[in-house]
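J.: Let me give you the structure first, and then I'll get to my questions.
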Amino acid sequence: MKSLRVQMIVLSQALVLLACLPIAFGGLWLSRRELEEELSHRLIGLAQAYAAHLEMTHDAGRLERLQADSVATHGRLKAEMTTFRDATGLGRVRVVDKQLRVLVDTNSADTIMPAFDLEPERLEIDHVLQAGTATTSLRFEAEDGTLMQRGFAVLRSDGQVVGAVVAEGSAPFFEGLRDFALMVGIFLVVMLLSVAALTYRFSRRLTVPLGRLLSVTQRLEEGALETVVPSLGTNEVGDLARAIERMRAALAARDTQTQMLLAGIAHEVRNPLSGMELFVGLLEEDLRGDPIAHEKVERVRRELDYLKRVVEEFLAYSRNVRASTVRFGGRELLLEVAESCSCVAQAAGVRVVVQPAQIELTADREMLRGAVANVVLNAIQASSAGSVVRLELQQEGSFRVVEVVDGGRGMSAEVLSRANQPFFTTREKGTGLGLALAQKVAERHGGRLSVASTEGVGTTVRFSLPFDLAVPLAVEDAATSLGPDWIG
Ligand SMILES: Nc1ncnc2c1ncn2[C@@H]1O[C@H](COP(=O)(O)OP(=O)(O)OP(=O)(O)O)[C@@H](O)[C@H]1O
Ligand SMILES: [Mg+2]
C-alpha cells in the first residue's frame, strides 16, 4: 500500500520536473542570451559612439603619436573620456593603438603601456582592426567579482584604422538573472512540495479504502466469512469492494451449506455409533470367558470411542451457537480447566500451574472452558514428564488474555502454519479440531487466538478476548472453592 503511495508521489514529481525543467532552463537560457546580446550591442554602440566622437573632434591620427610628455593633451582627453565613462555608466574606457598599447585610460595614469589584459583576445582584436568592424570580448570577472565585458570599435584617421576604443562595462542585470534563477528554483521546490502534498492526499483516497479492503480480505482469508466487506464509494475501488462482498456472501452461504451437510452426516453417524457402543458392551459381557475374543472386542470399543470423539468434536465445531456472555473470575475458570485435565496431566507427569492473580473475563463460560481445556490438553500432550504447563491471565487495554504456556516440543514452521486448520493433526488419534475450535471460540467472542511456538523450546497459545464491565456477573460457581494455586 505504501509502495503505491510512494510510486504515485515519485511519478507526480517526475512529471513536474519533466514539465517544468525544460521551461525553467529554456527561459533562463533565452533571457541570458537576450541580455548578453543587449550588453554586447550596448558596449559596441558606446565604443563606436566614442570612436566617432574622437574622429570628429580630434585628429585621431595624432593619438598614435601621443607621448608621455604631451601631458596637457593627455589630461584633457582623459578628463573627457572620464566624463563619457561616468555619463554612460561604463566601468572603463581606453584608447589603444594598433599594437594594443594603451594611449589613454580613464582608470590609470599610465600611458603608452601595453594592455596586458587584452593579450588573450589579441587575435579577435587584430581581426577587428584589420576588418575595421566592431566586436565584444568574452565576459570576465573583475577583481570585485562583478561580471564585465568589453566592446571594441575601430578608430580611423583619414580612412585608415589607427587604433581602437575599448569600452568596458559591467553586466548588473546578470545579478538579476541570478535572482531570476533563484526564483525559478524556489518556484520549482514549491511546485514539487505542493504536487507531493496533493498527490499524497489523492493517494490516500485510493490507499485508505484499499487498506480497509486488504484487512477485510485478510480476515476472510483467515476464515472469518461473516466479516462484511464495507461499501467503499462508487469508483473502481467501490466496485471491487462490492464484487468481494458478493464473493464473500456466496462463500459464506456455501460454507454454511457444507457445514450443515457435514453436521447432518455427523448427526446421522452418532446414532448408530451409540447403538454399536451398546452392543459392544453386551458382546464384552458375553465374551468375558474368552480373553482373545474379549481383547478384539476391546479394540473395537477403543476405535468406537475415537470415532465418537471425532463426531462429538466435529459437531461442537460446526454448531453455530451464539455465545451467551457473562462476567466471571478468570482464575476460577483456569482452576476448573486444570482440574478437568489433572488425570491426563498426572498420567503424563506434567504439572499444570495456575497463576494466582485474579482477573475478570467476559465470555461464554462453558464455551471458553472447553476451548482452553483443548489447548491445555495439547500442551500436556506436547510436554515431557516433569515439565510444567502454566495458565496465566493478563490485561491488555480493553482486552483480557488467557495464556497457556508450555515448555514442550514446540512446532516446526510448517506445523505452526497449519495448526489452526480444522482436521490438521500430527497425532495418530487426534481429530485436528482442538485448536480450530479454540480459534472459533475466540472469534465468536470478537477476540483472537494466537499461537507462538519454537521447535524444541515450547508453545504459547493466547486467547485475546474483549472485556466489557457492563456485562452482568455470572452466578458464583463451585470452582471458587478450589483452594490450591496449582493442580497437577
Ligand atoms: N502445545 C503444542 N505443542 C506442540 N504442538 C502442538 C501444540 N498444540 C497443537 N500442536 C500441534 O497442532 C496440531 C493440531 O492441534 P489440535 O489440537 O487442533 O489437534 P490435535 O491435538 O492433533 O487433535 P485433537 O485436539 O482433536 O485431539 C497437533 O496435532 C500438534 O501437532
Ligand atoms: Mg488437541
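J.: When the Cα centres of the range 264-286 and the range 288-316 are compared, how far apart do they sit, in Å?
T.: Here the two parts' Cα centres lie 9 Å apart.
J.: Can you tell which of Ala442, Val6, Pro209 lies farthest toward the positive end of the dipole of the chain, using +1 and -1 charges on the Cβ of basic and acidic side chains (Lys, Arg; Asp, Glu)?
T.: Result: Ala442.
J.: Can you tell me which aspartates and glutamates have their Cα less than 15 Å from the Cα of Lys429? Leave out same-chain residues fewer than eight positions away.
T.: Hits, sequence-local ones excluded: Glu303, Asp305, Glu312, Glu313.
J.: Would you order Ser384, Ser450 from fewest to most other beta-carbon atoms within 10 Å of each residue's own beta-carbon?
T.: Ser384, Ser450
J.: Compute the distance from the alpha-carbon center of the range 95-128 to that of the range 187-244, in whole Å.
T.: Each part reduced to its Cα centre gives a spacing of 75 Å.
J.: What is the dipole size for the range 29-175, taken about its Cα centre, with +1 at each Lys and Arg Cβ and -1 at each Asp and Glu Cβ, in debye to the nearest 20?
T.: Computed charge dipole of the range 29-175: roughly 300 debye.
J.: Let me ask you something else. Suppose R0 equals 41 Å. What FRET efficiency, 1/(1 + (r/R0)^6) with r the Cβ-Cβ distance, do Val321 and Gln346 give to the nearest 0.05?
T.: The computed FRET efficiency comes out at 0.80.
J.: If you take every residue apart from Met260 with its C-beta less than 12 Å away from the C-beta of Met260, what net charge results, scoring Lys and Arg +1 and Asp and Glu -1?
T.: +1
J.: May I pose another question? With +1 on the Cβ of every Lys and Arg and -1 on the Cβ of every Asp and Glu, and nothing else charged, how large is the dipole of the chain about its Cα centre, in debye rounded to the nearest 20?
T.: With only Lys, Arg, Asp and Glu charged at Cβ, the dipole is about 900 debye.
J.: So which lysines can Lys78 reach, going by Cα to Cα under 23 Å and dropping same-chain residues fewer than 8 places off?
T.: Lys98
J.: Using Cα pairs under 8 angstrom and six or more residues apart, how large is the relative contact order of the chain, in percent?
T.: 11
J.: If you take every DSSP beta bridge whose two residues both sit in the chain, what share of them, in percent to the nearest 5, is antiparallel?
T.: Taking every DSSP beta bridge within the chain, about 90 percent pair in antiparallel fashion.
J.: Taking the chain, how much of its Cα-Cα pair set, in percent, is spaced more than 31 angstrom apart?
T.: Of the Cα pairs, 68 percent sit more than 31 Å apart.
J.: What value, in deg cm²/dmol to 500, does the helix sum -39500 (n - 2.57) over DSSP H runs of n ≥ 4 give at 222 nm once divided by the residues of the chain?
T.: -19500 deg cm²/dmol
J.: Which of rounded, prolate, oblate describes the range 236-318, given a ≥ b ≥ c as roots of the alpha-carbon gyration tensor eigenvalues and a/c under 1.5 marking rounded, otherwise prolate only if a/b is larger than b/c?
T.: Values: a/c = 7.64, a/b = 4.57, b/c = 1.67.
Verdict is prolate for the range 236-318.
J.: Just want the ordering: Lys429, Lys78, from fewest to most Cβ atoms lying within 10 Å of their own Cβ.
T.: Ascending Cβ contact count within 10 Å gives the list Lys429, Lys78.
Any read-out appearing in this document is the output of simple, stated calculations on the displayed coordinates, not a laboratory observation. None of the values given here were measured: they were computed from a predicted structure. Neighbour counts are summed over all protein chains in view; Cβ atoms, including those assigned to glycine, are modelled from backbone coordinates with ideal geometry.
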